[in-house]
Structure formats: structure tokens, C-alpha cells
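S.K.: Input: one structure, supplied below.
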Amino acid sequence: MIGDPTSISEGSDNTLDIPSSDVLRLILAHLTESGLHQTCSALRRESGVGMAGFVPASKGLLLTCAEEGRWGEVLEVLDALDVERYRKCYLEDYLAKSVHDKLTHDHGAPQQHHANGMVTPLEKALALVHEMAVLELADQGDYELAYAALRMCSEVLDRTLPASNEHDMDADNDAHDNNPRDSQGTCTNSGSLGIITSRSGDIERRIIALTSMRNSASDGVAAADAVSLLLPANYYGPSNQTQQKRRNQIAKLLKRHVPELPPQRLSSLLQQSIRWQCHTGLFPTVQRLFKDKDDDQGDENHADNENEGKSKKKKRKRHTSHELRFDLVLGNVEIAATGGKKKHKASGGKDGSERIPSRPSQTIRLGKKSYIETAMFLPDGKGIVTGSSDGFIEIWGETIHNGKDDVDQSQGLNSFIQTEVDYEKLRTSDLPYQRNDDLMMHDAPILAMDVSHDGTLLGTASSDGTVCVWKIMDGKLLRKLERAHGGSSIGGDRGAAVTCLQFSPDGSKVLTGGHDSTCREFGLLASRMLKEFRGHKSYVNCCSYVSLTLVTGGGQDGSSRHGGSNILGVVTGSADGTVIVWNAKTAEPLREITPPIPSSSMAVVHDIHSIVGSRSIHTVLHLHSPPQTMIVVPRSDRAYLMSYSGNTILRVYTRDDVQGTDFLAASVSPSNQWLYIAADDGNCVVFDVQTGVVETIVKSFAEECSTRSEKVSDLTGIIHHPHRGMIGGYSNDKSQKRGVLTLWK
């Protein structure tokens, strides 16, 4: 139940009044980003609150539909937008500017009545969408439907647009429409000759002209196809604009004037709020979760003095009698500890940072002569998906509920149940197909996988070029794309291996990269290839969708925000040592980035037909902080923080304790604070992303993450828990007894 929409704060000089409607808009944006579109629609209907803007994925879908003339989908998306909120903010800005201009020049007062009758650019764009939908319906021969749609939107058209379409696209800028309209919605511009007094009348005139022209042509000898192409002069716009040109102009207006929401806005605000409350002392109990762990070490050293020893023992007992756990919803929950040993906390260090894993915790073990080729956490963190060399796909992680008898009754049900996950067990409680050994599988080793944003779909790819999409809850195969990247480079019937895969933000497409040196996009609805990104000279090792900000007036570092626009992009990393940033819509390369990878004596070519050496870029990690940046990790002794906009190197990550060790795998923490890199000396190096300094080195990391006895195996991958300070490592070394994935916390 949402209370008074005026404020959710308690009147204080240090608090900010936040309308409850804005809180709902943040929740709506979060639901959309999470893929919960039906839940978002239900919340909009029940609350009556529209969205302040669209997330990049939704806005990209809107522009695509506009350019392709799918006006029904465009109107459906725009229906979620709160146009009145946009209008209110727009007019406030206009009045503020008017006051400033009047005071600066003639010291007059702004005209409030003039602002109230103003048409905002967004309202104009929405009206043009309705107009174009009506015109295209008539163009397709659906005259009755076109007239019906025109009657429904005639009031909006007459109130918003001038009677003639002669100048409604002249200026794609933020200039206000200062041409006032009377109460009937007609334009008082003398440019109209009095024949057509409203926009709806002008549209009706064009439809009548279209009908008359085609009826006349059909009575003659013209072919039916030729008749369907006949259009009156200036049907879609002045100067005989084509249909596609008009679509592109409307898409351009929508792109400029439809607000775009920052990604992960709700999560970012919550994190900033908690950090600020800790900093100011408004939330002092949270600071106890960020204490140093030095007090865990003093109990092993006993003092000679008996009284002092008793004092320390009592102090230890008091210290371990309760374990604090931070709960964002309920606050700090105090749970009584049952064991004599102090549990390790999942919180960060004394400065409030994320906790760096330091010890092995659980180990997933496969069968003999079966090795993990790829793995990832589920989005909720309650499971791990593994793809093995024998083609099996398994989901691990059984939920354990530990009851607590001696808890504080006032803390509610959450104090009685502590949820943990046993990742060593196959998940069978809610996945019955795994309990019945009816596992998901390929006929070849699994090389790549990804889970959709809503956590319902699993995409997998194998070395024979097969791409499959599964429904996680029942294990059913929904789509199967064979030889997704064509034939193998070595001949035979097998397809080229697919080495990387990712779902699109809306889950309707998959992006794949393979040994044919290309990246391809497949539509799941049509089960066919939609685009091909061709430009690399060797294997594509990683591919992903990103939101790109194109800066037209700034430098290559993207520092200037003037003239920027957001588009959906694709980033690929290849064994040829390059990273290419693509336009996801056109499949055209925007820029090719080549990190300055140092030459190495180990960079030898083992295959006469291969160009893969130590220059291979195996990992590209995309960051939300700093924005528009990525970490490029080649097989060398350094990694690079770079921007999407060019070859600008923002930071170099390299070890200072040893030289010449190659980086094999990498992952980044959810907050983008720590960078974990597995090196070929068997250690895991932890870098501070912001400073580039080595924070710590986790010793014997590869030894714990493999089962090879005589020599430590090279690691294949590192995965990070989506919410906690937990990482995992695995190797596909065929000399192991069996494949394992070891989790550290």
C-alpha cells in the first residue's frame, strides 16, 4: 500500500522529500530490467503510475519497431510512458528559462497561459506515431481500419500538430512550438489557406486521394502490384517523402525525446544510501559488520596469567555468542551462534568494501575422465550450471534450511530460518528431471553457456557448432540450432565450434562467437541467423551485448556528454589480439581496439594453419563503474582497463611480485571493486579495479581447483557469485583424474 504521494520522508531539514510515485517508477524500471514484464504491467495498472522513461533495451526495441513500421508495438511500448510527468518537467524548465530571459532583457513577467498551451516535443512525436500508423494502414488497403483509427486519435492530432505537415519535421531540436491553437484544436497560422483547418482533416484528405487514385488505376490495365505502389503527392510528407524516410524521422524524434533511464538505478541508490548512512553514523550497527577479522586470531595464543586467560576466554564467548547478518529489507538480524567456532562473515573489510575470498569452501566433483569446460552462477546465486567435456549440463546447489532454537523472537520468521546452499549436491528438490537422470546434454563438449536475465532460459553451445536453448525449470529443449557457424575449418560434417554465447537483454535473441572468426546473432522466434559480425582474423573467444553512448562532440575518452546518444552495441574479443565494438542494429564495426600486448618469447604458433598465440584475448569484462569501460584480458602478463570509445588505456593491471606470468582467466566482483585473475603460476591475483594495485594474492588457487597430482593444471575459468564474496575456479586439463570446481569464500 502506497501512502501519501507527496512525500515518504519524515519532516526533517536533512531529508529529501521523495514522491511515492517516483519510488514506484524505480520499481517499474527494476522489474523491466529483470525481465518481469507482466509483473511490471500489473503494477502499472494497479497503481496508475507510468514509467519516467525506458531502460536502454526497451528504448532500443522501440526505435527498431519505429524504423520497421511496427506501429502497434510502438504504441504498446509508449503506453507505459508517463507523458504528463514529462510535460510537467518540460514546462517547469521552460518557465524557469522564460523568467531568466525576461529578467535579463526587459524585466517583464513570463506568460503562464502561453506555456499551458504549449506542445512538448514528446507529445509531438507521439502524435506523429499515430498519424503514421493511420497512413500506413490506408497504404496497405485497410481503409476501414484506418478511418476507425483516425476517429480515435483525431483529438490528439488536432491538438498537437499543425493543420499541414509541411513544417512539422523542419527542426529536430528542443525549440518550443510557439504557434498557439484555439479551443477547437485548429491552427491559426495564416499559412493555411482555410481549406483544411485540422490535422485529422488533412489526413482524411490524403486517404481520400489515395483511394481515388488507386480505384482509378485499377479500372485501367495497370497490374495489381503497380496499383499498390501508387501514392498521392506528399502522402507521407512534404517533397514526396518516402515511407522509410518518414519512419526514420519519427524514430529520430523518439530517440531524442523519449527519456532513457540509467541502468540499475534502484540498486545503485540503495547502495549509495547504505554507504552514506554508514559514513554519517545514522546506521552505526552496520559498521560492526565491516570490522577487521584480527580479533579472530587472538584466541589461539594463551597468556601465562590465569586471570588474563579467563578474561580472554569470556571475551571470546561474548564475541561469538551472536553472529550479525545484514538484511537489506529487515535491517540487522541478530542470530545466536550454535557452535563453538566463530563463523566466517560474508561481509567486507573494515572500510565497508567487499570481502575477498581467502579459503576453499565447497567442491563440485564430476565423474572420472569428465572435465568442466564452462560454468556460471544462476542470476539468483542459488545454483551453479556446469557444462562438461562429455556433453552433460548439470545444475548444482541444494538449499539447506537450518533451524535456530535460541533466537530472538522479536526478529520474526527470518531469524528462525537461515538459508544456505550446498553447491556440492546436484539440484533435485525443484528440478525433478535431474533427480530422474534426465539431464540436458549435447553430443559434444559444452564450450559456452548463458542464462537469460529473468533466469528462466539456459543457452548452451558445443564444439560441434550446436546451440541449444533450454527451459531451466523442466529441462525441455526449446530451440536447437545445428552448425550455427557453418562447417568446421578442418573439414568433415561437424560444424565450427561455438566458443561464446550471450542472451540479448530482452531474451529474444542469442549472440554467439566461434572458430569461424565471426560473431552471429540468432532470433529465437524464427530460429535463424539475423546478423553476422565479420571482421576478426581468428577465433572469437568472447562476445556480449553492451549499451554504448556515442559522443559526437567530445574526445575519444568519452568525457563530454554533449550530443551523446545511446545504442545497443556488441563487443567481441578474438584470438587475433583485437577487440571490436559493433553497432548491434547494423552489424557494422564502430571501432577496432588493439591493446598494446607485449611480445613474448612464448608467442609461438603450434599449428601451421593457426594464428593463435599468446596474444589471444580470452576475456572482456564489462563494468558499470566506471561507466562505458571494459577490462581486456589477453594471454599475457597484464590486463587493461579501456573505454568503448577508442584505444584510450585508462589503467594497466600487472603484478609487481613476479614478471612473465600469463593471465589465464578473469572475473570481476558485482560492485566492480575487485578484479580476480588466475595466473599460470597457480595463484589468483586480486586487483583493485579503481587503483590497479594488487590487493592480495590467493596462494595455491589452481592447486585447489584441479585434481592433477604431478603438476598444477592451468585454470580455464573463474566465476563470481552475483551477490556474495564467493568465487570459483575450474580447469579442463585432460590429465586430471576428474573435473572439479572449487568455491572459495
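The values are calculated or read from the model by the stated rules, or taken from the named source; none is laboratory data. As the structure is a prediction and not an experimental result, all values here were calculated from the model. Because the Cβ atoms are built from the backbone with ideal geometry, glycine has one as well, and the counts that use them run over all protein chains shown. To get the accessible areas, we keep the full protein, side chains included, count just its heavy atoms, and leave off ligands, DNA and RNA. Shrake-Rupley method; radii C 1.70, N 1.55, O 1.52, S 1.80 Å.
S.K.: What is the percent of Cα-Cα separations in segment 449-522 that go past 17 Å?
M.R.: That fraction is 39 percent.
S.K.: Order 368-380, 33-45 from most to least packed using the mean count of other Cβ atoms within 10 Å. It would help to have the intermediate numbers written out before the result.
M.R.: Numbers: 368-380: 19.5, 33-45: 15.4.
Listed from highest to lowest mean packing, they are 368-380, 33-45.
S.K.: Additional query: Two decimals is fine: what's Rg over Rh for segment 694-745, C-alpha atoms, Kirkwood radius as Rh?
M.R.: Values: Rg = 11.5 Å, Rh = 11.6 Å.
Answer for segment 694-745: 0.99.
S.K.: Once the other residues with Cβ under 11 Å from the Cβ of Lys585 are scored (Lys, Arg +1; Asp, Glu -1), what is the net sum? The partial results should precede the final answer.
M.R.: Values: positive: Lys531; negative: Glu67, Glu68, Glu521, Glu588.
Every neighbour counted, the sum reads -3.
S.K.: Same structure, new question: Which listed residue (Thr654, Ser643, Pro670) has the Cα farthest towards the positive end of the charge dipole for segment 630-686, taking +1 on Lys and Arg C-beta and -1 on Asp and Glu C-beta about the Cα centre?
M.R.: Of Thr654, Ser643, Pro670, it is Ser643.
S.K.: Could you order the peptides 386-398, 465-477 from most to least packed, using the average number of other C-beta atoms within 10 Å per residue?
M.R.: Details: 386-398: 21.1, 465-477: 18.1.
With the highest mean Cβ count within 10 Å placed first, the list reads 386-398, 465-477.
S.K.: Using a 1.4 Å probe and counting only protein heavy atoms, arrange Lys425, Lys509, Lys255 so the residue with the most accessible area comes first.
M.R.: On the way: Lys425 115, Lys509 50, Lys255 70 Å².
Largest to smallest exposure gives the sequence Lys425, Lys255, Lys509.
S.K.: Moving on. Taking R0 as 45 Å, what's the FRET efficiency between Tyr433 and Ile697 from their Cβ-Cβ distance, rounded to 0.05? List each step's numbers first, then the result.
M.R.: Numbers: r = 42 Å, r/R0 = 0.92.
The calculated FRET efficiency here is 0.60.
S.K.: Rounded if a/c is under 1.5, else prolate if a/b beats b/c, else oblate: with a ≥ b ≥ c from the C-alpha gyration tensor eigenvalues square-rooted, which is segment 607-745?
M.R.: On the way: a/c = 1.79, a/b = 1.30, b/c = 1.38.
It comes out oblate by the Cα gyration axes.
S.K.: Further question on the same structure: Taking a 1.4 Å probe, which of Arg534, Arg355, Arg638 shows the most accessible area, and what order do the others take after it?
M.R.: Values: Arg534 145, Arg355 25, Arg638 75 Å².
Correct descending sequence by accessible area is Arg534, Arg638, Arg355.
S.K.: Go through Val686, Val156 and list them by solvent-accessible area, largest first, probe radius 1.4 Å. Numbers along the way, then the final one.
M.R.: Details: Val686 0, Val156 50 Å².
Accessible-area ranking of Val686, Val156, largest first: Val156, Val686.
S.K.: Ignoring ligands and nucleic acids, what accessible area does Leu75 show with a 1.4 Å probe (Å², nearest 10)?
M.R.: About 60 Å², rounded to the nearest 10.
S.K.: Given R₀ = 25 Å, FRET efficiency for Met118-Asn566 by Cβ-Cβ distance, to 0.05? Spell out each step's value before the answer.
M.R.: Details: r = 27 Å, r/R0 = 1.08.
It comes out at approximately 0.40.
S.K.: How much of His453 can a 1.4 Å solvent probe reach, expressed as accessible area in Å² and rounded to 10?
M.R.: For His453, the solvent-accessible surface is approximately 100 Å².
S.K.: Compute the distance in nm between two label points, each set 7 Å from the Cα along the Cα-to-Cβ direction, one at Thr64 and one at Ala148.
M.R.: Going from the Thr64 label point to the Ala148 one covers 2.9 nm.
S.K.: Amide H neighbours of Met51 under 5 Å, counting only residues 5+ apart in sequence or on other chains, H built in-plane at 1.01 Å?
M.R.: Residues meeting the amide H criterion: Leu81, Asp82.
S.K.: Same structure again: What full-extension length gain, to one decimal in nm, is calculated for Leu477 and Cys89 as 0.36 nm per residue of separation minus the Cα-Cα distance? Walk me through the numbers on the way to the answer.
M.R.: Details: separation 388, 0.36 × 388 = 139.68 nm, distance 4.83 nm.
Length difference between fully extended and current span is 134.9 nm.
S.K.: Here's another thing I want to ask about it. How much length is gained if the chain between Leu550 and Leu270 is pulled fully straight, taking 0.36 nm per residue apart and subtracting their Cα-Cα distance, in nm to one decimal? Please report the intermediate quantities before stating the final value.
M.R.: Details: separation 280, 0.36 × 280 = 100.80 nm, distance 2.83 nm.
Full-extension gain reported as 98.0 nm.
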